[in-house]
Amino acid sequence: MTDYNKLYTPGDLDARTINTVIEIPEKSILKIEYNREKATFELDRVEPAIFAKPSNYGFIPGTRDEDGDELDTLIVSPEPLPMGVVVKAKILGVLNFEDDGEKDHKIICVPTDERDSGNRIKSLDDLGEQWKNKMEYHFNTYKDLKKKGTTKVLGYGGPDEAVAVIKECIERFGKQ
């Protein structure tokens, strides 16, 4: 078993890089969550096929968001990343999100060494409006078949806002 919260730091925030652990590969309908007490990945549920993840989904070790879970990440890469892989990633920004009234931020990042694109993605703007529209649509609707209207995208923030969120989550993790 791998206790990511003991083996990895959140990253180097001064360099705007993080360590992120993949929970769900892009295009998967399996909602997999890391169980920190058992240091295992567990299947939480199988989502409807229309709500497959539009991006690789992971978490930053050594953090705790307001919802009580590790801080989520959306990792942009040219293909799905396998569950359990640790990625050193560059921070692009944050998707501010609310789930059932709780803040549930998503840090948006890319691998620090992404040669397929020539490391061209340096900011949220480089992802384009269509990418942002897809993320907003997914996160605004993915729970609609179960509990319509319980999720809400509150907008995007840049790298400085993302780092502030990460620092808050590191502090919260330290107080547990």
For region 4-174, the spread of Cα positions along each principal axis, largest first, Å: 40, 38, 27
Label-point separation, Thr141 to Glu33 (7 Å along Cα→Cβ), nm: 2.5
Extension reserve of the Lys88-Leu154 stretch, reckoned as 0.36 nm per residue once the Cα distance is removed: 21.1 nm
Distance between modelled label sites at Glu114 and Arg172, nm, 7 Å Cα→Cβ extension: 2.5
Per-pair calculated FRET efficiency, R0 = 22 Å: Phe51 and Thr17 via Cβ, rounded to 0.05: 0.15
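Test of understanding: ordering Asp144, Asp67 by Cβ neighbours within 10 Å, fewest first, what list do you get?
Details: Asp144 14, Asp67 17.
Ordered from fewest to most neighbouring Cβ atoms within 10 Å, Asp144, Asp67 come out as Asp144, Asp67.
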Qualifying lysines (Cα of each under 30 Å from Cα of Lys122; at least 8 residues distant if same chain): Lys6, Lys27, Lys31, Lys53, Lys88, Lys90, Lys103, Lys106, Lys132, Lys134, Lys152, Lys167
Under the Debye formula (equal points on every Cα, no solvent term), log10 I(q)/I(0) of region 99-148 at q = 0.32 Å⁻¹: -1.24
Charge tally in the Cβ shell below 10 Å around Ala52, where Lys, Arg are +1 and Asp, Glu are -1, Ala52 excluded: 0
Estimated inter-spin distance, Lys122 and Glu42, nm [label 7 Å along Cα→Cβ]: 4.4
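Can you sort Arg120, Arg172, Arg64 by how many other beta carbons sit within 10 Å, fewest first?
On the way: Arg120 9, Arg172 15, Arg64 22.
Ordered from fewest to most neighbouring Cβ atoms within 10 Å, Arg120, Arg172, Arg64 come out as Arg120, Arg172, Arg64.
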Whole-Å distance, taken between Cα centres, linking region 1-69 and region 127-163: 17
For region 47-134, alpha-carbon Rg and Dmax in angstrom: 13.4, 40
DSSP beta bridges in the chain [antiparallel fraction, %, rounded to 5]: 90
Sum of -39500 (n - 2.57) over DSSP H runs of 4+, divided by residues of the chain (222 nm, nearest 500): -6000 deg cm²/dmol
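Since every read-out is calculated from the coordinates, none of them should be taken as a lab result. Model, not experiment: these values are computed from the prediction. Here Cβ is always computed from backbone atoms with ideal geometry, including for glycine, and neighbour counts include all displayed protein chains.
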